[in-house]
Amino acid sequence: MFYNLIYFNENLYDTYYTFATAGQAVQFNEIESQTDKGGQLGFNDTHVGLGKSSVIKGEIINNAASKLISLERSLVDNDFFVDFEEEAPFRHIEDLSRRMIFRATVPLRIHESFDMYEMTKLMKVELEEAGFMGKKSDQVELFNMVFDFDKIKLPVYNDDMDTVIFSKLHKDCLLIEENELEELEEDNIILAKVKRTHEKQFTLFDPLKDFITINASTRKEMEKKLSSHGMLAPIEMHTDGIEVEIIAIYS
């Protein structure tokens, strides 16, 4: 089987592979293969081995694709795993409960209200006007501290069913370029764990919680001072939802 990996969260892989293999996981760093070369010299019932012994050593190739294959194989016989690619109709994905891991073909979209670059510019202006940006000499350092672009989370969702499946992708786990994000909308397979379920309403994305890296007290202070601007308002969806943690996306 060949995988075209689009997204792989190695931290989640480490966590769930450990649980799935429960005391059986072994990390191989090196393999050794021994071979004998030569022939046998026979005198009546006596045989003497003539030959040379060679040892071949090598490092285990443990890249994202091999890790994904190992994880999926370890999940097959676990009760908490559901494979919608092999066993059950896709519509039953709505019956998934918290903590279950599943595999299914789920095209994902980034919400149209999410614009990372426009939101960054707007947030900077709002922070300055609200008095959170200090002297100009301090602004670059503070801005880089607040906006860690490698750790930005992208809000993605699928609303092909009555229940919306949604998640936040870690930008540093993407294996495609930013100009290739439309690939997420194709019929890719996702391997994911159910984080929680929501009834009638949920927040898909909240800029002050998901976009910037600040502590809770500072965030609450910002929420009080910042005006309710359209692009800074949370993206709310008024329907049932299943929030998932995506381990991998591939085709």
- Message: Looking for something within 17 Å of Ile246 (Cα to Cα) and either open to solvent by 30 Å² or more (accessible area, probe 1.4 Å) or modelled with pLDDT of 90 or more (or both) - is there at least one such residue anywhere in region 130-148?
- Response: no
- Task: Could you list all residues from region 61-81 that are open to solvent by less than 70 Å² (accessible area, probe 1.4 Å) and in a helix (DSSP H, G or I)?
- Result: Ala64, Ala65, Ser66, Lys67, Leu68, Ile69, Ser70, Leu71, Glu72, Ser74, Leu75
- Leading residue by the ranking (surrounded by the fewest Cβ atoms within 10 Å (Cβ to Cβ)) among those in region 175-202 that are outside any strand (DSSP E or B) and among the polar types (S, T, N, Q): Asn179
- Message: So, in region 160-170, exactly how many residues are touching a Lys or Arg at 6+ places or on another chain (Cβ under 7 Å) and open to solvent by 20 Å² or more (accessible area, probe 1.4 Å)?
- Response: 3
- Query: Only one of (1) at pLDDT below 85; (2) not in a helix (DSSP H, G or I) fails for Ile93. Which number is that?
  - Reply: (2)
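The values are calculated or read from the model by the stated rules, or taken from the named source; none is laboratory data. Here the structure is a predicted model, which is why all the values come from computation and not from measurement. For neighbour counting, all protein chains shown are included, and Cβ atoms are generated from backbone atoms with ideal geometry for every residue, glycine included. Areas reflect the complete protein model, heavy atoms only, side chains present, ligands, DNA and RNA absent. Shrake-Rupley method; radii C 1.70, N 1.55, O 1.52, S 1.80 Å.
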